[in-house]
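One structure is given here, and the rest of the page talks about it.
Laboratory data are not the source of any read-out in this text; all were calculated from the coordinates shown. Being a predicted model, the structure only gives us computed values, none of them experimental. Cβ: placed from backbone, ideal geometry, glycine included. Neighbour counts: every protein chain shown.
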Amino acid sequence: MNLSAQISDLDLQQFAKAFEQKHGKPADEVLNILNQAQFQQEIIDKISRPAEGTMTWAGYRNIFIKEERIQAGIDFWKTHEEAIDRVSMDTGVPPEIILGIIGVETYYGRIKGSYKVLDALYTLGFGYPKRAKFFKSELEKFLVLAETEGLDVYTIEGSYAGAMGYSQFMPSSYIAYAKSYDEGGNADLMNSAEDAIASVANYIKVHRWQKGAPVTTKASFTREVSNLNKQVLRPKNHLSDYTSIGILPEDEIDGDPKATLVKLDDAYWFGFYNFYVITRYNHSPLYAMAVHELGTAVVNNKP
């Protein structure tokens with residue numbers, strides 16, 4: 001029997017019947033799994049106030065761009081250098097992006113999350129109407145993934161949103177983008193750093209990383225600009241559109257790539273297409289900048 005007054009038995013039954021029709025697993029078995037999940041109000045509270053939506057760039061940066069995490073990235077790279085180099089060569093995704101993402105997501109495997117994925121997706125799918133459709137879909141994919149990959153649906157832990165493993169993939173991303181470092185094997189993102197490296201790079205590659213293209217650089221205003229349109233993460237203008245009105249890049253940028261302006265606290269940065277690609281992993285510009293800075297610091301400080 002469901003313990004949370006916020007979740008109706010009818011809602012659970014409808015999910016189980018739909019799962020049976022789509023995947024063939026008896027609805028009673030699905031209900032048995034769901035009835036062992038625990039609703040957690042803490043998860044609702046956390047997703048209602050994500051760090052990316054409430055923190056300044058200075059505060060967010062201070063979490064990730066620290067000497068200890070940079071050193072952890074260097075150690076991770078040394079341990080898995082062959083895999084990172086091979087995957088980077090095969091995909092065109094540079095080591096600093098792979099290292100930056102894994103470092104921000106899980107501190108190089110040290111912090112993979114302490115919430116049961118089943119509890120997280122159950123709580124959000126049935127107790128968070130604002131995004132119920134998305135999280136019910138992720139719960140469905142998690143149950144499928146558990147069977148196809150031999151995962152223990154009751155014990156796998158991850159983030160409060162249900163993201164799992166070194167790379168913090170949601171179940172849908174696990175199914176769509178996970179790759180085994182050893183060709184032909186099953187991808188184990190929970191325990192294999194090499195599989196996570198291959199999967200992170202695959203995710204970024206599929207989202208159209210531009211090899212050798214810039215990510216970001218600071219922008220300076222040489223004069224007051226009063227007619228600047230609202231900026232969006234996906235670049236629409238060319239860099240020359242900005243330089244022509246007195247907004248200049250700090251670094252020398254080859255060609256005339258598409259760009260957008262990103263404001264972080266009181267400073268502006270140019271975000272190029274590769275910056276946008278990083279935000280496909282997490283839509284926050286704070287996240288993308290942290291990935292870029294952490295990965296760059298690891299690469300620049302490796303002996």
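Using a cut-off of 21 Å between alpha-carbon atoms, which lysines can reach LYS258, once sequence neighbours fewer than 8 places away in the same chain are excluded?
LYS205, LYS211, LYS218, LYS230, LYS236
Per-residue ellipticity at 222 nm for the chain, helices alone: DSSP H runs ≥ 4 residues times -39500 (n - 2.57), over residue total, nearest 500 deg cm²/dmol? Please list the in-between numbers first.
On the way: 15 runs with 157 residues, N = 303.
Mean residue ellipticity, 222 nm, calculated: -15500 deg cm²/dmol.
Where a ≥ b ≥ c are the square roots of the eigenvalues of the C-alpha gyration tensor, would you call region 1-109 rounded, which needs a/c under 1.5, or, failing that, prolate if a/b is larger than b/c, or oblate?
Values: a/c = 3.44, a/b = 1.79, b/c = 1.92.
Oblate.
Measuring from the lowest to the highest alpha carbon on each principal axis, how far does region 216-279 reach, largest first, in angstroms?
Extents along the principal axes: 30, 26, 18 Å.
Would you report the distance distribution of C-alpha pairs in the chain as whole percents per 10 angstrom bin, up to the bin with the largest distance?
Histogram of Cα-Cα distances, whole percents per bin: 6, 25, 29, 23, 13, 4, 0.
Report the residue, chosen from ALA163, ALA132, ALA201, that carries the largest GNM mean-square fluctuation when the chain is represented by alpha-carbon nodes joined by springs under 10 Å.
ALA132
First obtain the Kirkwood hydrodynamic radius of region 181-303 from its Cα pairs, then insert it into the Stokes-Einstein equation at 4 °C and 1.567 mPa s, and state the resulting D in µm² per second as a whole number. Can you show the working numbers first?
Working: Rh = 16.1 Å.
It diffuses with D of about 81 µm²/s by this estimate.
Which order do the peptides 272-278, 22-28, 10-16 take when ranked by the mean count of other beta-carbon atoms within 10 Å per residue, highest first?
On the way: 272-278: 23.7, 22-28: 11.7, 10-16: 16.1.
Ranking, from highest mean packing down: 272-278, 10-16, 22-28.
Points 7 angstrom from Cα along the Cβ direction at ASP241 and LEU10: gap in nanometres?
It is 5.0 nm.
For MET164, MET55, MET89, MET190, what's the fewest-to-most ordering of other Cβ within 10 Å of each Cβ? Walk me through the numbers before you get to the answer.
Numbers: MET164 26, MET55 16, MET89 10, MET190 19.
The fewest-first ordering by Cβ neighbours comes to MET89, MET55, MET190, MET164.
Hey, for a label at ILE63 modelled as a point 7 Å past Cα toward Cβ, could you say which residues of region 248-265 have their backbone N under 18 Å away?
264-265
Please state, as a whole number in µm²/s, the translational diffusion coefficient that the Stokes-Einstein equation yields for region 125-230 at 20 °C and 1.002 mPa s, with Rh defined as the Kirkwood radius across alpha carbon pairs.
On the way: Rh = 16.4 Å.
It comes out at roughly 131 µm²/s.
Taking amide H positions as placed 1.01 Å from N in the peptide plane, with prolines and chain starts having none, which residues 5 or more places from GLY113, or on another chain, fall under 5 Å of its amide H?
For GLY113, whose amide H was placed from the backbone, there are no distant partners under 5 Å.
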